[in-house]
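Following: one structure in structure tokens, then a few remarks.
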Amino acid sequence: SHHPTICYRPIQPSDLEVLERIHAEIFPIRYESEFFQSVVHERDIVSWAAVDRSRPNGHSDELIGFVTARIAMAKEAGIGDLLRYDPSKPDQTLVYILTLGVVETYRNLGIARSLIRQVIKYASSVPTCRAVYLHVISYNIPAIHLYKKMSFKCIRRLQGFYLINGQHYDSFLFVYYVNGG
Ligand code: ACO
């Protein structure tokens, strides 16, 4: 059957509409338009897009997957103890993954894995960076499998971290150490 040609590129302003639509489709949480603006204009956010170059009719540059992340100061992240925060190095940073998603028809092809690889490669290239970390809702089995398979360490369960439609859900905190973190 049809064979996709997946490429990775930066997210750009022309991705805004598709980026918002995919987030609305695949996440139970609503994100502010401010968030999407920050992503496409690279304001305090780093991000990567996956596209399928083999798609016809002008869709060959359309987002089919994405990862967004923010740089955080280790001392302000509130998890310094778990990240072996060293007070003698106050400029230590972390990369916090905000959202990761792949549209349904492109799942199980290794796209999320490649997107996370990009984030780890980027974090490793920032000398002050000690770790990549993220929260995932406790019932999200595909995502939990993905992070475990990529050697992220689950270091905490946070009771009632998410509030969705009036109901509380726990989250797991996953960490991937870089630069000897
Ligand atoms: N069941 C079990 N394990 C899975 C599944 C699944 N359905 N999907 C992926 N995995 C695991 C596997 O271990 C897989 O490795 P393998 O192929 O060697 O077995 C590994 O993840 C890598 O899979 P990919 O193909 O790279 O993952 P994919 O591109 O399908 O994307 C994702 C996974 C992002 C979780 C996708 O299912 C998705 O978009 N879900 C909806 C949005 C979401 O949950 N995002 C993550 C929320 S957490 C956050 O954003 C910080």
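The values are calculated or read from the model by the stated rules, or taken from the named source; none is laboratory data. Not measured: the values here are computed from a predicted model. Note that we place each Cβ from the backbone using ideal geometry, even for glycine, and neighbour counts take in every protein chain shown. Quick note on the areas: whole protein, heavy atoms, side chains included, nothing else; ligands and nucleic acids left out. Shrake-Rupley method; radii C 1.70, N 1.55, O 1.52, S 1.80 Å.
Computed quantities for the displayed model
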| read-out | value |
| --- | --- |
| Qualifying residue in region 138-146 (condition: away from the ligand (no atom under 15 Å from the Cβ) and either of a type outside the set (A, V, I, L, M) or assigned to a strand (DSSP E or B) (or both)) | no |
| Hits in region 85-128 (condition: away from the ligand (no atom under 14 Å from the Cβ), of a type in the set (A, V, I, L, M) and assigned to a helix (DSSP H, G or I)) | ALA123 |
| Answer residue from region 147-163, given it is part of a helix (DSSP H, G or I) and over 13 Å from the mean Cα position of the chain (by Cα) and is surrounded by the most Cβ atoms within 10 Å (Cβ to Cβ) among those | LYS148 |
| Some residue of region 164-174 being small (Gly, Ala, Ser), surrounded by fewer than 16 Cβ atoms within 10 Å (Cβ to Cβ), over 17 Å from the mean Cα position of the chain (by Cα) and over 30 Å from HIS3 (Cβ atoms) | yes |
| Any hit, region 61-70, residues being within 15 Å of the chain's Cα centre (by Cα), modelled with pLDDT of 95 or more and in a loop (DSSP other than H, G, I, E, B) | no |
| Yes/no for TYR31 being modelled with pLDDT of 95 or more, open to solvent by 40 Å² or more (accessible area, probe 1.4 Å) and more than 22 Å from GLY110 (Cα to Cα) | yes |
| Odd one out for ARG53 among (1) within 29 Å of ARG156 (Cβ to Cβ); (2) out of contact with any Leu (no Cβ under 8 Å at 6 or more places or on another chain); (3) open to solvent by 80 Å² or more (accessible area, probe 1.4 Å); (4) not β-branched (Val, Ile, Thr) | (1) |
| Residues satisfying the stated conditions in region 1-29, i.e. within 14 Å of the ligand (Cβ to nearest atom) and assigned to a loop (DSSP other than H, G, I, E, B) | PRO4, PHE27, PRO28, ILE29 |
| Test for GLU76: is it within 13 Å of the ligand (Cβ to nearest atom) and among the charged types (D, E, K, R) | no |
